[in-house]
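*Asks:* Supplied in structure tokens, the structure appears directly below.
Every read-out reported here was derived from the displayed coordinates using simple, explicitly stated rules and does not represent laboratory data. Fair warning: this is a prediction, and the values are worked out from it, not measured in the lab. We place every Cβ from the backbone using ideal geometry, glycine too, and count neighbours over all the protein chains shown.
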Amino acid sequence: MSSRSFRVFGTKKDLENIFREFQKNNMIKYYRCGKSDSDKITDITKIDNFGISLSGRHIGNQYLVIEDDETVRLDKYKHINQKLNETSIVIDLGGSYDENTILPTTVSTIWYDESSKRVYNNLKSIMKRYAVSIVNGYMILKNAYDKKEQLRFATISVQSPGEYDLKV
């Protein structure tokens, strides 16, 4: 088991374009990670605060992605996580924190079976097509790149010192 991940900086509009295409090309569903009181989500762009970072941190807005014919498995505490869902990827949604700060979206998986690999690679290839620049391994999507003079690209959190920001 080896972890794979990639990160992108994108505005709400950037992320909407990517996830609409991803959902059109893949029969998938999403579940919010953590306490399992959430229903399945078929269109992640319709969730409240999509493309907006409420916490100002690059983690904490995580969704499990599985193919439509898979059943989500819960741990003994009735939580959703990737460990028990062996054909899945995880998306930690980022986006705008305020008008001049943006946080990355991270896509990762600890599994690399055919199903996880296909979904992971499909999302990565869509994001690569929308990326106009790659800086220190971070893909920068078009609308975020167009606003690079006004935006702070916070890699960890809005509380982090500026030297941790991505210089675009």
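*Asks:* How tilted is helix 12-25 with respect to the longest principal axis of the chain? Cα atoms for both, answer in degrees (0 to 90, nearest 10).
*Replies:* That works out to roughly 30 degrees.
*Asks:* For K142 and D39, FRET efficiency with R0 = 30 Å and r from the beta-carbon atoms, rounded to 0.05?
*Replies:* Once the sixth-power term is evaluated, E becomes 0.40.
*Asks:* Next up: With axes computed from alpha carbons, what is the tilt in degrees of helix 114-130 against the longest principal axis of the chain, rounded to the nearest 10 within 0 to 90?
*Replies:* 20 degrees
*Asks:* Near K40, which aspartates and glutamates are there with a Cα under 13 Å away, not counting those fewer than 8 places off in the same chain?
*Replies:* Hits, sequence-local ones excluded: E67, D68, D69, E70.
*Asks:* What is the gain in length, in nm to one decimal, between R152 and D113 on full extension, counting 0.36 nm per residue of separation less the C-alpha to C-alpha distance?
*Replies:* Value of the extension gain: 10.4 nm.
*Asks:* Segment 42-114: which chymotrypsin sites (Phe, Trp or Tyr not before Pro) are DSSP loop and have at most 15 other beta-carbon atoms within 10 angstrom?
*Replies:* Sparse-neighbourhood loop chymotrypsin sites (Phe, Trp or Tyr not before Pro): Y77, Y112.
*Asks:* With +1 on each Lys and Arg Cβ and -1 on each Asp and Glu Cβ, how big is the dipole of the chain about its Cα centre, in debye rounded to the nearest 20?
*Replies:* The calculated dipole for the chain is roughly 200 debye.
*Asks:* Can you give the longest stretch of the chain with no exposed loop site, where a site means GluC sites (Glu not before Pro) in a DSSP loop (not H, G, I, E or B) with at most 13 other C-beta atoms within 10 Å?
*Replies:* No qualifying site falls inside 1-98, the longest such stretch.
*Asks:* Evaluate the Kirkwood expression for the hydrodynamic radius of segment 1-95, namely the inverse of the mean inverse distance over all pairs of different C-alpha atoms, and round to one decimal in Å.
*Replies:* Computed over segment 1-95, the radius equals 14.0 Å.
*Asks:* Continuing with this model, one more query. With 29 Å as the limit, write out which pairs from K13/K78; K12/K78; K46/K128 have Cα-Cα distances beyond it, or answer none.
*Replies:* Table pairs above 29 Å Cα-Cα are K13/K78; K12/K78.
*Asks:* What distance in nm lies between label points placed 7 Å from Cα along the C-beta direction at Y164 and F50?
*Replies:* Reported label-point gap for Y164 and F50 is 2.9 nm.
*Asks:* Just to confirm the filter: which trypsin sites (Lys or Arg not before Pro) across segment 60-168 are DSSP coil and have at most 11 other Cβ within 10 angstrom of their Cβ?
*Replies:* Of the trypsin sites (Lys or Arg not before Pro), the ones in loops of segment 60-168 whose Cβ has at most 11 other Cβ atoms within 10 Å are K76, K78, K167.
*Asks:* Rounded to the nearest 500 deg cm²/dmol, what is the calculated helix-only ellipticity per residue at 222 nm for the chain, with -39500 (n - 2.57) per DSSP H run of length n ≥ 4?
*Replies:* Dividing the helical sum by the residues of the chain leaves -6500 deg cm²/dmol.
*Asks:* Please compute the Kirkwood hydrodynamic radius of the chain from all pairs of different C-alpha atoms, in Å with one decimal.
*Replies:* 16.1 Å
*Asks:* Assuming R0 = 35 Å, what is the FRET efficiency of E86 and S133, from their Cβ-Cβ distance, to the nearest 0.05?
*Replies:* Taking R0 as 35 Å, the efficiency between E86 and S133 is 0.55.
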